[in-house]
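The block underneath contains the structure these notes are about, expressed in structure tokens.
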Amino acid sequence: MNMEARGWSPVIHREIGEPLPPMPGSDTAPGVIALDGASPPDSRQIEAILGNSRREWIALVPGRRNPEELLTGSVADCLFAHHPLPPDPDSLDTLLRHAAGLSALRQKTAAKESDEDIPQDTDESEMVGTTPAMMKLFGQIRKTARVDAPVLIHGESGTGKELAAHAIHERSPRAEGPFIAVNCGALPTELIQSELFGHEKGAFTGAIERHEGRIEAASGGTLLLDEIGDLPLNLQANLLRFLQSGVIQRVGSSHDVSVDVRILAATNVDIADAVAAGDFREDLFHRLNVLQLEIPPLRERPDDIEVLARFFFDRFQTESAPSLSGISRNALHVMRHYDWPGNVRELINRMRRGMVMAEGRLLQPEDLGLERRGHWRRARSLEEVRENAEREAIHAALIRNRQCVTEAAQELDVSRMTLYRLMDRYGLRDTSEA
């Protein structure tokens, strides 16, 4: 397999006891180690060789050997993954890309923690992912950040809608301005108008001074209206007026105040259904729904689960049990097959709690509270199996043809337009130009 032609320069190391040759390029680039299979490697030697490296390592195991015979205990914990010999170029390339993504995330975390200007409690739930669906989302975030139009962000609870909104703001021309998030479902109904639009002194009982609303406070920046579907109908009219005119009136005032702010809205419900039910104004929906982002749930990107687990293990290691040094393969297996109804937020909470309470050297399923939990991923239907096979075939064809859609379409015996449609459907559209 010509790894250099694919952009990788791995280390191939066949004798476990020998020093590792130098790796060209970054010391965080993923590496490959080939095990000869004659006998199980000495765990202390392989820990000494691989354990102190910042790289993610992939073991190549002879196809005639059971990987569990060679990769036991601490040896397995030093590795990102294993792959049979002789290697399949496309599968190994995919593994290396996932490993490279994880290395980059860990390097980013280490850089943050070593920077004295960045507080240690930086946002623990930043967006992390290496799957095609997340690459597509990151490309869409970059595109929407360039313009000033409203964006409607949809996703289940815990998927990171506010993080996506913040990412748009940070990459926009308004990045130097304020970013203010308002949870429309958490404010008391009688206070929402005052909180959004502000009020004048004496406008109502208790209004002892003028109050600047959230919309006005976000002037020059970005305002996120989270859970926009919970906004009462009477206030939807006021918000629509602001979106149309760019002016607000504080409660108790008849004077217009011009406000320059970009509006982002987020919801975990289908607003189109709410419009059909008469619970949401159709004209406001169209005003907010100029651009759209869909945040995929964690269960739809299982390849990101291990990446996220290892990323947050590194993030919370300073507050973990002193003896804890890694995540067991059993825990990673259980996490991959759990349905994660609370999405990334639930994964973060389970990792943080498990790392504090763990008593062993490796994080176990029972530390995460997953050993007897429900919500295990159900058996896939025939349609889901068919779609997964189609997606993998398209992904592999694109890799083999270096993302050339024309050549991949010829290989798959479909038209270019059909392939583009399928790439969009499965989140495989190239976002490198974004």
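Summary table below
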read-out: Rg(Cα) / (2.2 N^0.38 Å) computed for the range 304-378, rounded to two decimals; value: 0.99
read-out: Rounded to whole Hz, the Karplus (6.51, -1.76, 1.60) HN-Hα couplings of the range 320-329, x for glycine and proline; value: 8, 4, x, 7, 6, 10, x, 10, 6, 4
read-out: Percent breakdown of C-alpha pair distances by 5 Å bin, ordered from the shortest bin, for the range 132-294; value: 2, 9, 18, 21, 21, 15, 8, 4, 1, 1, 0
read-out: Residue list for the range 291-312, given a label point 7 angstrom along the Cα-to-Cβ vector of Asp88 and an amide N cut-off under 20 Å; value: 301-306
read-out: Estimated FRET transfer efficiency (His286, Asp424; beta-carbon r; R0 25 Å; 0.05); value: 0.65
read-out: Extension gain (nm, one decimal) between His255 and Arg400, 0.36 nm per residue minus Cα-Cα; value: 45.9 nm
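All of the numbers you see were taken from the coordinates with simple rules; none came from a lab. Just so it is clear, the structure is predicted and the values come from calculations on it, not from any experiment. So basically every Cβ, Gly included, is an ideal-geometry build from the backbone, and we count neighbours across all protein chains shown.
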